[in-house]
Amino acid sequence: MSINVFEKRAMMGAVGAVVVSLGLIAYATWGLGINLPTCIPLGSKPFEQASVTKQDAKTYEVHYVARMWAFEPSVLHVPTGSTLNIYAVTKDVTHGLEIAGTNVNLMVVPGAVANGTVHFSKPGIYTILCHEYCGRGHQNMNARIEVSDSITDYSVEGLPGSEGQKLMDAKGCLACHSVDGTPGVGPTFKGVWGSTVPLADGTTRNFDAAFFVQKVQHPDTMNVKDFAPVMPTIPLTDDETAQIEAYLEGLQK
C-alpha cells in the first residue's frame with residue numbers, strides 16, 4: 001500500500017515538530033540553564049524560620065518562608081557574582097516563588113520544601129513574585145534581591161532576629177552554640193528560649209531575658225549541666241542584647 005503525498009507531509013510535519021521540541025528543550029536546558037525545580041518531600045517538620053547562611057565567599061543558603069501575603073526575608077542584598085541556594089516553605093496555602101529575570105520559578109506547597117539555585121552575574125534589582133493566586137492580597141505579595149558591585153557581604157531585611165544572628169556570629173557565640181540542635185561545646189540555642197535549663201549544681205532555671213543577661217555578664221555563674229564552664233565574658237550593649245534575645249526567642253518555634 002502506497003503512502004500519498006498528504007500522508008508524507010503529515011508524517012514529515014510530525015517528525016519536524018518533535019525535532020523542534022527536542023531542540024527547544026535542549027536549548028532551554030544547556031543554553032538558558034533552565035531546569036525543572038525540585039520539591040523535597042519532608043520526613044520531618046519543615047523549617048519555620050526564614051534565614052540566610054553564608055556557605056563560602058559568595059555562596060549563600062536562603063530559607064524563604066511564604067505566607068499570606070509576604071515573603072520572609074523581604075529584601076536580600078548580595079554582592080555581584082553571588083550564588084543562592086534557595087529553599088522555600090509555606091505557612092498556609094500554596095504560593096509561587098518566581099525571581100524575575102532568572103531561571104527560578106518554584107511552586108511552594110504545604111508539606112514540602114521547594115528548592116532552586118540562581119547565580120547573579122550582573123548587578124540589579126531582582127523582584128520576587130508569587131505567581132500562584134493565594135487570596136485577596138496576592139497582588140501585593142513580593143520581595144526583592146538587590147545585587148550590587150559595591151556590596152562585599154550580604155545583608156537582609158524583613159527577617160525576624162536577623163541582626164541578632166549576625167551579632168552572635170560576629171561575637172563568636174556560634175562557634176560553640178548551634179542554632180539547629182547540633183551538639184557543640186555549649187548547649188544548642190534551638191528551642192532553648194522559655195525552656196527549663198538544668199544547672200550543674202542540681203537546680204534549674206528558666207531560659208529567659210534575665211537568665212541570658214546574667215549568663216552573658218557573669219559567665220562563670222549558672223553553669224549548665226554536662227557542659228564545661230568555658231564561656232568567656234562577651235561585652236554587649238543594651239541594643240545588641242535585645243537583638244540577640246529577639247533572635248533566640250524566634251528559634252523556639
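Numerical summary
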read-out	value
Count of residues meeting criterion [of a type in the set (Ser, Thr, Tyr), more than 16 Å from the chain's Cα centre (by Cα) and closer than 30 Å to Asp149 by Cα] in segment 65-104	2
Residues located in segment 45-73, provided they are touching a Gly at 6+ places or on another chain (Cβ under 7 Å) and in contact (Cβ under 8 Å) with a residue 40 or more places away in the chain	Gln49, Met68, Trp69, Glu72, Pro73
Residue identified as under 30 Å from Glu72 (Cα atoms), modelled with pLDDT under 90 and either in the same structural domain as Thr127 (by TED's automatic domain parsing) or open to solvent by 60 Å² or more (accessible area, probe 1.4 Å) (or both) among Glu249, Glu245, Glu240	Glu249
Complete set of residues in segment 191-241 that are among the hydrophobic types (A, V, I, L, M, F, W, C), out of contact with any helix residue (DSSP H, G or I) (no Cβ under 8 Å at 6 or more places or on another chain) and part of a helix (DSSP H, G or I)	Ala210, Phe211
Residue tally, condition of a type in the set (S, T, N, Q) and at pLDDT below 90, over segment 222-236	1
Hey, Phe189 closer than 16 Å to Gly164 by Cα, surrounded by 15 or more Cβ atoms within 10 Å (Cβ to Cβ) and either in contact (Cβ under 8 Å) with a residue 60 or more places away in the chain or of a type in the set (Asp, Glu) (or both) or not	yes
Sole exception among (1) over 22 Å from Pro46 (Cβ atoms); (2) in contact (Cβ under 8 Å) with a residue 40 or more places away in the chain; (3) surrounded by fewer than 19 Cβ atoms within 10 Å (Cβ to Cβ) for Phe120, by number	(3)
Tally, over segment 105-163, of residues that are more than 19 Å from Trp69 (Cα to Cα), of a type in the set (S, T, N, Q), under 16 Å from the mean Cα position of the chain (by Cα) and in a strand (DSSP E or B)	3
Residue satisfying all of: in segment 210-227; exposed (fewer than 14 other Cβ atoms within 10 Å of the Cβ) and within 30 Å of Phe47 (Cβ to Cβ); nearest to the chain's Cα centre (by Cα) among these	Ala210
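The values are calculated or read from the model by the stated rules, or taken from the named source; none is laboratory data. Note that the structure is predicted; figures quoted are calculated from it, not measured. Don't worry about glycine lacking a Cβ; one is built from the backbone with ideal geometry, like all the others, and counts go over all protein chains shown. The protein model used for the area step is the full one, side chains on, heavy atoms only, and it has no ligands, DNA or RNA in it. Shrake-Rupley method; radii C 1.70, N 1.55, O 1.52, S 1.80 Å.
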